[in-house]
Amino acid sequence: MFWRNSVRVKQTLFVLLFVAILTACGGNDVPEVAAPTVVPSHTPPPSATPIPTLSTPLALLILPSDLDKETSDLYQKTVYDLALASGFRFQVRNGITPEDLADPTLKVVIALPPDPGVANYAPTAPNVQFLAVNIPNLTAGANISVLAPNTQVELPAFLAGYTLAMMVEEFKIGMLYPEGEPNAQAALNAFSNGMRYYCGLCEGIYFDPVTYPAILGIPASEDPAKFGGYANVLINDQDVSGLYIFPSIASDDFLSYVGTQGVYLVGVSRPEPRPGGWLMTISPDTIKAIQTAWPQLIAGQGGQNVQSPLGIADVDTGVLTEAKLRLVRETLDALIAGRILPSNP
């Protein structure tokens, strides 16, 4: 009996020991942790530039073959950039042919003078929008839009007065104008306002019997060969050091002569070669005008009269420094935006 109890006790101890060993082994197990769910990030590749095909809309730029390279490159880059951004093809020609107009993908033609025949070709291609850039004797209508030269007289006169007053000591500036010219009086007023916008009362350090800006009219009957004498009156007798000449009398020969007299000049069209003392040209910015007209052209909206905004070119950076030029550009921007009124600044 005792032996049986002893066996049972041993069996019980053995079972307990076995369970203890199993429990100890299980206690060392590391619980399994699920790996974090990773959501892969996906950066879409940049959109590819569409590859033009023969069915892609086409824009033609018509340039004269003798256009100087710098100007030609500027027009080509401008229209190329516009075409690329709009998904158009772009080609350059020196003229238009019936074969060009027969292309069903042709949508826009931008033409510079001499006139390649816009008025004759436009009616034969009603689905093509034509933009004539500074081509005379063309009227906007139907699918012809016209970019005309800027005919404003007040803005360039105001800016000329402002710039010359900035550059000339004692504000000794002047203007020549044609007597009897309808717009000349408005330009005279704007020129004077431009000067005073820069210098206020424009009081010099020394007393001067001459009131600036000094102005002088040239009779309509005067021989253009004698215009130099009128300039000399302002330069020599009234000590003018900066001169603005009204555009209708500012011939290349006249400007070139005045450029030999040691004064600063600002004008709306620069002769070639560049006259002495030429500070800058206040000219129509046809590039901006083309950029402005483009959305309507590709939308099929014709018959636009596009006005070229004024821009600044031919700057003599050795005289008109970067800081001064920045002031001039800011003033021009304010004039164009209407924040400055040239007739009453």
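Since every read-out is calculated from the coordinates, none of them should be taken as a lab result. Everything numeric in this text was worked out from a predicted model, so none of it was measured. Because the Cβ atoms are built from the backbone with ideal geometry, glycine has one as well, and the counts that use them run over all protein chains shown.
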Filtered hits (lysines, Cα-Cα < 23 Å from Lys77, offset >= 8 within chain) -> Lys69, Lys107, Lys288
FRET efficiency for Gln185 and Thr71 from the Cβ-Cβ distance with R0 = 41 Å, rounded to 0.05, comes out at 0.75
Given Cβ charges of +1 for Lys and Arg and -1 for Asp and Glu, the option among Phe254, Leu265, Ala337 whose Cα lies farthest towards the positive end of the dipole of region 221-345 is Ala337
Taking a crude spin-label model, label points 7 Å out from Cα along the C-beta direction, the Asp253 to Ala225 distance in nm is 0.8 nm
Toy charge model, Lys and Arg Cβ at +1, Asp and Glu Cβ at -1: region 157-216 dipole around Cα centroid in debye, rounded to 20, equals 140 debye
The alpha-carbon center of region 266-345 and that of region 75-104 are separated, in whole Å, by 26 Å
Checking rank on 223-236, 169-182, with mean other Cβ inside 10 Å and highest first, the result is 169-182, 223-236
Expected unfolding gain across Arg329-Thr139 under the 0.36 nm per residue rule, minus the alpha-carbon gap, is 65.2 nm
For Lys226, the lysines lying under 24 Å Cα to Cα, once residues fewer than eight places off in the same chain are dropped, come out as Lys172
Full extension between Ile287 and Val319 adds, at 0.36 nm per residue less the Cα distance, a length in nm of 8.9 nm
